[in-house]
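> Once you've had a glance at the structure underneath, I'll fire off some questions.
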Amino acid sequence: MPQSVSSLFGDLEVEVTPDAPLGPRTWYGIGGRADLLVRPNSIDALATLVRRCRRSSTPLRVLGSGANLLVADEGVDGIVVLLDTPAFRETKFNPRGEIVAMKAMAGADLAKTLMETVRRGLDGLTPMAGIPASVGGALFMNAGGAYGSIGDAVHSVTCLTRAGDLVTYPASELRFEYRQTNIPDPIIVAGVFNLHETDPIAVRERVKEIFAYKKSTQPLADHSAGCTFRNPIDPVTEKRVSAGQLIDEAGLKGERIGGAEVSSQHANFIITHPGTKTDDVLRLLDTIKQRVFLEHGIELVEEITIWKRGQNESQLSHGEPTA
């Protein structure tokens, strides 16, 4: 690789994969490659890399579990950071009287983290059952659903600024709104959550109940990125309405372009079949938005994150869900 590029990380504790395929790392299972995939082995290495990328205007993206991510067929430029080394997957529990604080690093798997809290008889993250994400990605977009959002349990969030400095925001300084937060920094490093002790059997049954509901209403066995569009605000009623219902009422269930198809089980899910190209999904997204606008006069906005070459810094984020 060019010396100018390798100088960004050549002396750091990182693992580097040039021309790395990203499609298999996403839940869609499609998309191109990253010019460079970098796995930092420490927060210090990540912070230094962030500073150098900023100085050299090198695009830097953070890849979570890929559950809410669509990667362009031509791949992405710059550096994709994957926080899957031990330093970024750790969780710690710290009892404090009636409250139990849990610190989870951004690369920790949300589902595994949730199940560890359940095993300990702790509640607080139960609404995250069935949501595939890394902790960092879930925080970045305030992942959630009908049962609640991850922001409901947040005590504090630690981030890296664009200058590569660590900063911790208490919950009192953060706003967790529908599928978004006011976190100003590009990289989340860790989150601390307030949990409370409860009956282990009861919390386990609650998780099972949520899983069962999602299994019965969502195409969990198919390749998808979860809900494709945010539930919009109806301009007439000024209330949030179901994107899936709008898509269904527009007659789009089963609509297919190439290998991309609107799920017949849940219209806000786009599923991918073997041989699907990202362009198929993008064309189907446009078709859905056009048809829903014609039918309802409502503009849909994607909930999924779309990565492509040439994006500016404001378009880059944790590649998640939310989901």
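Okay, residues lined up against (1) outside the structural domain of VAL16 (by TED's automatic domain parsing); (2) more than 16 Å from ALA190 (Cβ to Cβ); (3) not polar (S, T, N, Q):
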residue	(1), (2), (3)
ARG55	no, yes, yes
ARG61	no, yes, yes
LEU69	no, yes, yes
PRO95	yes, yes, yes
LYS103	yes, no, yes
ALA111	yes, yes, yes
ILE131	yes, yes, yes
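> Hey, among GLU238, GLU261, which residue is over 30 Å from ARG96 (Cα atoms), acidic (Asp, Glu) and part of a strand (DSSP E or B)? If you could, list the steps in order and put the result at the bottom.
Working: GLU238 fails: part of a strand (DSSP E or B).
Only one candidate passes the filter, namely GLU261.
> Sort out for me the strands (runs of 3 or more DSSP E) sitting completely within segment 64-157 that have 2 or more residues that are under 16 Å from the mean Cα position of the chain (by Cα).
69-71, 76-82, 99-105
> Inspect segment 74-92 for any residue being more than 20 Å from GLU13 (Cβ to Cβ), touching a residue at least 60 places away in the same chain (Cβ under 8 Å), of a type in the set (Asp, Glu) and in the same structural domain as LEU8 (by TED's automatic domain parsing) and give the result as yes or no.
So far as segment 74-92 goes, yes, one or more of its residues are more than 20 Å from GLU13 (Cβ to Cβ), touching a residue at least 60 places away in the same chain (Cβ under 8 Å), of a type in the set (Asp, Glu) and in the same structural domain as LEU8 (by TED's automatic domain parsing).
Listed here are the residues, each with its yes/no results for (1) touching a Gly at 6+ places or on another chain (Cβ under 8 Å); (2) over 21 Å from TRP27 (Cα atoms); (3) surrounded by fewer than 17 Cβ atoms within 10 Å (Cβ to Cβ); (4) not aromatic (Phe, Trp, Tyr).
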residue	(1), (2), (3), (4)
VAL80	no, no, no, yes
THR85	yes, no, no, yes
THR91	no, yes, no, yes
ALA106	yes, no, no, yes
ARG119	no, yes, yes, yes
ASP123	no, yes, no, yes
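> Given the criteria buried (at least 22 other Cβ atoms within 10 Å of the Cβ) and not assigned by TED's automatic domain parsing to the domain that holds ALA20, does GLY144 qualify?
no
> Just one of (1) of a type in the set (S, T, N, Q); (2) closer than 21 Å to THR161 by Cα; (3) modelled with pLDDT of 95 or more trips up THR26, so point out which.
(2) is the only condition that THR26 fails.
> Search segment 67-78 for residues being under 14 Å from ALA34 (Cα atoms) and either at pLDDT below 95 or touching an Asp or Glu at 6+ places or on another chain (Cβ under 8 Å) (or both), and hand back the single one that is surrounded by the most Cβ atoms within 10 Å (Cβ to Cβ). Walk me through how you get there before you give the answer.
The first filter runs over segment 67-78 and keeps only residues under 14 Å from ALA34 (Cα atoms), leaving 69-78.
Restricting the remaining residues to those that are either at pLDDT below 95 or touching an Asp or Glu at 6+ places or on another chain (Cβ under 8 Å) (or both) gives 69, 73, 75-78.
Working: LEU69: 28, ASP73: 16, GLY75: 21, VAL76: 25, ASP77: 17, GLY78: 21.
The selected residue is LEU69.
> Looking at segment 24-38 only, could you name the residues that are within 15 Å of ARG61 (Cβ to Cβ) and not in a loop (DSSP other than H, G, I, E, B)?
Matches in segment 24-38: ARG25, ARG33, ALA34, ASP35, LEU36, LEU37, VAL38.
> Here's another thing I want to ask about it. Is at least one residue of segment 34-43 in contact (Cβ under 8 Å) with a residue 60 or more places away in the chain and under 30 Å from SER224 (Cα atoms)?
No, the conditions are met nowhere in segment 34-43.
> Also: What are the pairs with Cβ atoms under 8 angstrom where one residue, in segment 124-136, is touching a residue at least 60 places away in the same chain (Cβ under 8 Å) and the other, located anywhere, is part of a loop (DSSP other than H, G, I, E, B) and of a type in the set (Phe, Trp, Tyr)? Sequence gap at least six, or different chains.
These pairs meet every condition: THR126/TYR147; PRO127/TYR147; ALA129/TYR147; PRO132/TRP27.
The values are calculated or read from the model by the stated rules, or taken from the named source; none is laboratory data. Quantities reported herein were computed from a predicted structural model and do not represent experimental measurements. Cβ coordinates were reconstructed from backbone atoms using ideal geometry, including for glycine residues, and neighbour counts include every protein chain displayed.
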